[in-house]
Every structure is written in C-alpha cells, then in structure tokens.
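Remarks on the structure that follows.
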Amino acid sequence: MIHSSLVKHSSFINGQWLSSEDTFDVINPYNQELVAKLANANVVDTENAVTAAKQALKAWSALSADDRSIILRKWFDLIMANQDELATILTLEQGKPLAEAKGEIAYGASFIEWFAEEGKRVYGDTIQAPSADKRIVVIKQPVGVVAAITPWNFPNAMIARKAAAALAAGCTFVIKPATLTPLSALALAELSIQAGIPPGVFNVVVGNDSKTLGKVLTTHKDVAKFTFTGSTAVGKTLLKQCTSTVKKVSMELGGNAPFIVFDDADIDAAVKSAISSKFRNAGQTCVCTNRILVQESILEEFTNKFVSAVKSLQLGNGLDDNISIGPMITKEATCTVTQLVEDSIKAGAELLTGGNSDLGENFYQPTVLSGVTNTMPIATNEVFGPIAPIISFNTEQQAIDMANDTDYGLAAYFYARDIGRVWRVAEALQFGMVGINDSAISNAAAPFGGIKQSGSGREGSKYGLDDYLEIKYLSMGGI
Ligand SMILES: NC(=O)c1ccc[n+]([C@@H]2O[C@H](COP(=O)([O-])OP(=O)(O)OC[C@H]3O[C@@H](n4cnc5c(N)ncnc54)[C@H](O)[C@@H]3O)[C@@H](O)[C@H]2O)c1
Ligand SMILES: O=C[C@H](O)CS(=O)(=O)O
C-alpha cells in the first residue's frame, strides 16, 4: 500500500470524495500486491457526477478565457511540482519504468499548459450577408457537459489531454478512468481542488463495472459530448450507445503502426528510433511500432544491429533504476502476446531473441521475430506488447501497400533520405500521423489522432479545441 496525500480511495464528485462499503482493488502489475482499495461507484453516483457537471457549467463557461487560463495554469504548476509523487503512483498502478512515468506526467501537464493559452484563441467570423439589411456573425461556444472514458496504458496523460481542452473551452468534465489504473486520475482531482477548479467542473467516477458506468455516460441526456480513448472494439460499442442522444463524439482508438526502413535510411538512427517506438511502455502504446518493414538489401545489417540493441534492454520493476521495460498490465495480456508469438512461429517466423520470462506472470522478454509476413497474426493484430516482427520488402510500392494493409490508421513511421521518396511515401501512407526519420511524434502542439478504425477527432494543437466547441450562426436582419 502507498501512503501519500495524493492517493485517494473514492470517486470525486462535485468537489466531494465519495464513500462506499463496496470496494475494488488496485493491484501492482509487478508483483500483484495490493496498492489500494477504492470505493466502487454505481449508476446513481455516475448520474450525480453528470448533474454536478451540469450545475457547474453556467458559472464555469461564464468565466473569461483569461480567468480559466489562470486556474488551469495553477493546475499545471501543481502537477509539475508533484511530478515525482504522481509518477510513483502511476508506476505502482500501471508498471511502467519511473522515468517513463515522469515523462508521462510532464506530457499530460503540457496539454494543460497548452490549452490554458489556446482557450484564449477561440475566434469567430463575420460573413458578408446576401442582402444589405442583414449581418452574419459566427460565434463559438462550449459544447457543455463532457463525459470521457480512458485506458490504463497512460493513466495520467490520456485524461489530461482531454480535460485540458474541455475545461479551457468552458466545458465541465466527468471522467471514468480505467478500472486497472484509477489512482492517477484521482490524484489529478486532488490537485484540481488546490488549483481552484470549482466543484463540479472536474469529476472522477471510479468503479469496476465499466459497462454499467459507461452506459450512463454514453446515454445521459445532459452529456453533450462523449470522448473515448481505448480499443477499437470498445470504441465501436460506445459509439453505438451515443446515438440514442446524438452526442458529439471523438474517438482515439487502436493502432497498427508500420515502421518502414528504406535502403537510403540512416540505419543506426532507424535502429535507435525503432527501439524506443517499439518498447516504450513495454509496447503497450497506441502509436507503438507494431510491424518493422525493412528493404531486402539492408535487412541483414538492420536486423543484426536491432537485435543487438534489444538484448541490452533491462526487464524489471519499474521503480528500480536502469529498468527499460516493466511488466505488462495483466497476466492475460502476457498470455495474449505469448499466443501471438507461438502462432507466428508455427506459421514460419523465426525467434531471434526474447520469449517467455521467468521474472513473473506479467513479464515477457523484449522479443524479435524475423521471416514474418504481413498476414501473420503478429502483423495483423495490435500486439500491445514487447514484440518486434520484422518483415522484408523489395520495392517502395510494396512497402506502402503492406503498410496500408490494415483497418487501423493511427501512426506510421519511415526512415529515408531521398526527398522524392519522402514526399511520395508520406502522402501515400493512410494514417493520421506519420513520423519521417522520427518516432517521437507525440506533443501538445501537434494534432494527435487517427483515421479509418483508429478513430476520429484530434487531441492537442490548435485543432484540439474544435471537439469541445459548437459553432453558432447569428443572422441579424432589419439593419
Ligand atoms: N488512440 C489513442 O490515443 C490511444 C491511446 C491509448 C490507448 N489506446 C488504445 O487503447 C487500447 C488499450 O487500452 P485498454 O485495454 O484500456 O482499452 P479498453 O478499450 O479495453 O478499455 C478502455 C476503457 O474503456 C473501459 N471499458 C471497457 N469496456 C467498456 C464498456 N463495455 N463500456 C464502457 N467502458 C468500457 C475500460 O474500463 C477502460 O476505462 C489499445 O487498443 C490502444 O491502442 C488508444
Ligand atoms: O497509447 C497512446 C498514447 O496516446 C501514446 S502517446 O503517449 O500519446 O504517444
């Protein structure tokens, strides 16, 4: 168990901490030890959270963007002042190495800093009217109460990335974080109090009956907008549930990122980039490299250098120094990747390094498979684990066709130096985000999001507010 003033044990609704006899456990993925027992929210609690957000909306949206900015900036300052403690809580509930957890806290906070300023840049229009006695004005207003559901793999940043834009736009917010990793969200709630965010503006509902709580958030008539980050399968279910009240919806879903290495690439740079993109968060990242496509003429050189680098990665407890890969989130997740590897080897792939680990039930070694085809399970599924499948190709068009042969369209990466190739491949790849000689693509200034079955909408950047604003057209006659 962890003892910190930022560790909270119940939902946060209308500025109050809820209590309940019914509890659920938060478990440390490293050793399966109990981290905390939390009060389990129910339907009524969730409805009360929406009501609190609706009641707080008028006053919060009536504040000037500057006044909201001051409060959000204070929230950012408090998060950064508590970065180490927040990171420790995050690693205890999610497992990632502490250095990555600290990075996630700063990354999540950067969206609050970004939208504290961006909220001041909501602009409207005046439009030339068709007749002299009319005037046309376009204004933008906050959509209203926003409900959100987020995943376990980035338990701080996925919430901050949404709440920052929603609050800056003048909306109020109800979040149901992942059942496996609720502590980071509750710590943000505690700091929201200290920042002066009024009761009802930021509400956190925690519970282990996601389906029931999610049904309230996707069907409640007072929720104007629903935003989800998670798997494509769950996203489709929630999207359907939102139709009954025609909510404004944004979806950040699954991915199947290709990492293409062409024969004109800087191979050493490509190896380093592929390692960080593949093994960040033990491969449990939506924009992780999922398939490595290497041109035949450089396949041996790239593979040898990549395998050598993988063998230097250290598996262990995220709280310890010099650990590059922590545990996977659950035993079930480990079993899933084990099956994907075994099925691909049966289909003809070769294990170059890695495989099962004796460190514990949630551990799987950083693994490289060669001789993989784009139709093997390890290439067609979102692996969400520390497995690097290497697929060879001959021509540029073959690489593009293989990269695009997926229902996902979130992130893609490629390494090349010929300027003509860079433009041809960048424009041909069917993904929302493309890293060119770069795989560190996530930041608050850029529009994060996907196409196809990776979702809709964008988070971060000047585009990130659009999802939380409604356009209103004013027609003035009789002038
Ligand atoms: N595109 C992005 O920005 C992004 C970011 C992070 C993760 N992801 C994706 O999320 C997935 C991994 O996260 P996960 O395992 O938590 O995903 P998940 O879809 O299983 O769960 C996500 C959230 O939905 C909740 N949930 C699950 N079933 C539900 C239901 N029937 N009704 C209501 N809520 C429900 C969970 O409790 C959790 O809070 C991967 O596919 C990954 O690619 C995408
Ligand atoms: O897993 C999904 C996250 O959005 C990854 S990132 O931290 O935004 O790159």
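The values are calculated or read from the model by the stated rules, or taken from the named source; none is laboratory data. Keep in mind that what you see is a predicted model, and the values were worked out from it rather than measured. Here the Cβ positions follow ideal geometry from the backbone for every residue, glycine too, while neighbour counts run over all protein chains shown. Areas reflect the complete protein model, heavy atoms only, side chains present, ligands, DNA and RNA absent. Shrake-Rupley method; radii C 1.70, N 1.55, O 1.52, S 1.80 Å.
A few comments on the model shown:
- Counted residues, the range 392-429 - those being within 29 Å of residue 350 (Cα to Cα), in a loop (DSSP other than H, G, I, E, B), open to solvent by 30 Å² or more (accessible area, probe 1.4 Å) and not hydroxyl-bearing (Ser, Thr, Tyr): 3
- Of the helices (runs of 4 or more DSSP H) that lie entirely inside the range 48-165, those containing 3 or more residues that are more than 15 Å from ligand 2 (Cβ to nearest atom) and within 27 Å of residue 25 (Cα to Cα) span 83-94.
- Here is the figure for the range 424-455: residues that are in contact with a Leu (Cβ under 9 Å, 6 or more places away or on another chain) and of a type in the set (Gly, Ala, Ser) total 5.
- Screening the range 67-123 for residues that are within 28 Å of residue 467 (Cα to Cα) and β-branched (Val, Ile, Thr) and picking the one that is most open to solvent (accessible area, probe 1.4 Å) gives 70.
- Selection status of residue 274, away from ligand 1 (no atom under 16 Å from the Cβ), farther than 29 Å from residue 31 by Cβ and either touching a Cys at 6+ places or on another chain (Cβ under 8 Å) or among the aliphatic types (A, V, I, L, M) (or both): yes
- Residue check, residue 177 open to solvent by less than 10 Å² (accessible area, probe 1.4 Å), at negative phi and within 16 Å of ligand 1 (Cβ to nearest atom): yes
- The range 444-456, residues that are touching a Phe, Trp or Tyr at 6+ places or on another chain (Cβ under 9 Å), within 15 Å of ligand 2 (Cβ to nearest atom) and part of a loop (DSSP other than H, G, I, E, B): 444, 445, 447, 449, 450
- Qualifying positions in the range 459-479 - within 16 Å of ligand 2 (Cβ to nearest atom) and open to solvent by 60 Å² or more (accessible area, probe 1.4 Å): 463
- Contact map, the range 213-238: first residue more than 16 Å from ligand 2 (Cβ to nearest atom) and among the acidic types (Asp, Glu), second residue in a helix (DSSP H, G or I) and modelled with pLDDT of 95 or more, Cβ cut-off under 8 Å, separation 6 or more or different chains; pairs are 222/50; 222/51; 222/53; 222/54.
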